[in-house]
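Presented below is the structure to which this report refers.
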């Protein structure tokens, strides 16, 4: 397994593209030579066969020629598969080069994971086009996408420090392992929907035991085909036909008895065969990896203990499904099924597999999901060596960020800022004019917290944070379907924050212009009252506001409330911002300047 130097990802990708191109040039020569060789062999074989038929020549030369043609075709097929693999690998490297330029790739953007009412996902633009998920996602399976989304969304509880550190260690080790990670993506790229049929597979694993799996009935299933085949052969030696017809009647009755089960089993898992092959390859790569990270070793141990490996067992089920697919053979299938009870024998073997293996499959699928999700985070770490892995501390609530930025903003445009709370609960009141960067900074803090708790790297030179429940109130909208006004929806979101704080949870909140849905006087009184209540609790967070009265709370709670601001200025009738966070409150605003630029006489 190749470990690449992560200090210059662009150089690594360009070198790997060159390697792919060199391999493709070599394979192109082999492709041409084998193609011509097959044509020559085909012509020779046709000539030899004609000579056999017309002149009575020996069959041996023609047989040898056909064998050589079959061998050349097999080698040519392997060459073509290698060409397709290298072409796909090259495309992966080229796409990653594009992503280094902040291009959003043609991958799943996670829009299906956005649900109304989540504590922060909509506010932080976690899912959807050009979202955080879209930026990070390189998963090969839908299981991996589900797992990555769940890491981003959390479970409503503070993430456990040991679990976060274990994921960090795994991501660090996976980051330079490009061969492993890109092979993982290759296993899934051949499928339009890698998990199509996985739902049926899960239902199949929970099916009740099959009655024909009982010993006596299994014995009958082996006797009946022998009797039917013997009766068929006996027809050539004068055996009465009624015996053969009786055998067909008995076997046909057995086939009809098992048809419902066969149809249900085939319907549940027939679409999962390609999925199983993909999973088997992924599991095989994990089984043969040499990873040292504790979490990766734990996942590997799940797959190789107690007899045959997980990949071998999954591959076995895929092969059994291939046998069951013979039922689509119509006339030939019907004859063979009645004579030898094909479906029933396939079902018995599948039932034996399910009895021995079904209980272990969920853990194996969880391994696929987690390795896939961690590989996406590792890809982000490799592509951004200037990012860092945060220190996760139990002291706190703690937060310290140095040179932190929003990963959705290109490097050439992003302005990084520092924010230090220390190891005590703090509330930062951030003021500043419109468009100066308040909301963007709140998103910066929130997105980096999400990445940190997922176990990934953060867009910051350094970061220290303690586990907490993240909650936001930033882009709250009214809800017509629930009959909620904007003000009521805001109150509900703020109440959710207070409820979590009241439950004793460590909470980190982000609030942007609270109580927008009411008049200025009520908004000011309500905002001050809410911040006072939060300042008396063991909670940290940021509040972005235009209301300078909220900055007065720093005098009332000098050890708890901190003031920061963004500034802007008007130069030659233009608004200019540097997007730099500064201590203290803002003293200049731009609302009137904006109105004047729009032609409003103020």
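The values are calculated or read from the model by the stated rules, or taken from the named source; none is laboratory data. Small disclaimer: the values here were computed from a predicted structure and weren't measured. Neighbour counts run over all protein chains shown; Cβ positions are idealised from the backbone, glycine included.
Assorted remarks:
- In the stretch 244-261, the residues that are over 16 Å from residue 343 (Cα atoms) reach residues that are buried (at least 18 other Cβ atoms within 10 Å of the Cβ) with C-beta atoms within less than 6 angstrom, at least six apart or across chains, in these pairs: 244/231; 247/228; 247/231.
- Exclusive hit being in a helix (DSSP H, G or I) and within 18 Å of residue 472 (Cα to Cα), set 151, 124: 151
- Taken together, the residues in the stretch 113-140 that are in contact (Cβ under 8 Å) with a residue 12 or more places away in the chain, surrounded by fewer than 21 Cβ atoms within 10 Å (Cβ to Cβ) and over 20 Å from residue 453 (Cα atoms) amount to 4.
- The residue that is modelled with the highest pLDDT, counting only those in the stretch 467-476 that are surrounded by fewer than 24 Cβ atoms within 10 Å (Cβ to Cβ) and within 21 Å of residue 547 (Cα to Cα), is 474.
- Residue count for the stretch 439-466, restricted to those that are under 16 Å from residue 154 (Cβ atoms), in a loop (DSSP other than H, G, I, E, B) and modelled with pLDDT of 95 or more: 2
- Filtered by the rule that a residue be farther than 20 Å from residue 509 by Cα and under 44 Å from the mean Cα position of the chain (by Cα), the stretch 549-568 gives 567, 568.
- Failed item, numbered, when residue 119 is tested on (1) modelled with pLDDT of 95 or more; (2) in contact with a strand residue (DSSP E or B) (Cβ under 7 Å, 6 or more places away or on another chain); (3) in a loop (DSSP other than H, G, I, E, B): (1)
- Qualifying strands (runs of 3 or more DSSP E) (wholly inside the stretch 341-434; at least 2 residues being surrounded by fewer than 20 Cβ atoms within 10 Å (Cβ to Cβ) and not assigned by TED's automatic domain parsing to the domain that holds residue 314): 399-404, 417-422
- Being touching a helix residue (DSSP H, G or I) at 6+ places or on another chain (Cβ under 8 Å), surrounded by fewer than 19 Cβ atoms within 10 Å (Cβ to Cβ) and not in a helix (DSSP H, G or I) holds for only one residue in 239, 229, 248, and it is 239.
- Residue that is touching a helix residue (DSSP H, G or I) at 6+ places or on another chain (Cβ under 8 Å), on the phi < 0 side of the Ramachandran plot, exposed (fewer than 14 other Cβ atoms within 10 Å of the Cβ) and at pLDDT below 75, where the choices are 258, 267: 267
- Any hit, the stretch 81-102, residues being touching a helix residue (DSSP H, G or I) at 6+ places or on another chain (Cβ under 9 Å), part of a loop (DSSP other than H, G, I, E, B) and under 20 Å from residue 377 (Cα atoms): yes
- In the set 77, 37, only one residue is more than 30 Å from residue 134 (Cα to Cα) and either surrounded by 12 or more Cβ atoms within 10 Å (Cβ to Cβ) or at pLDDT below 90 (or both); that residue is 37.
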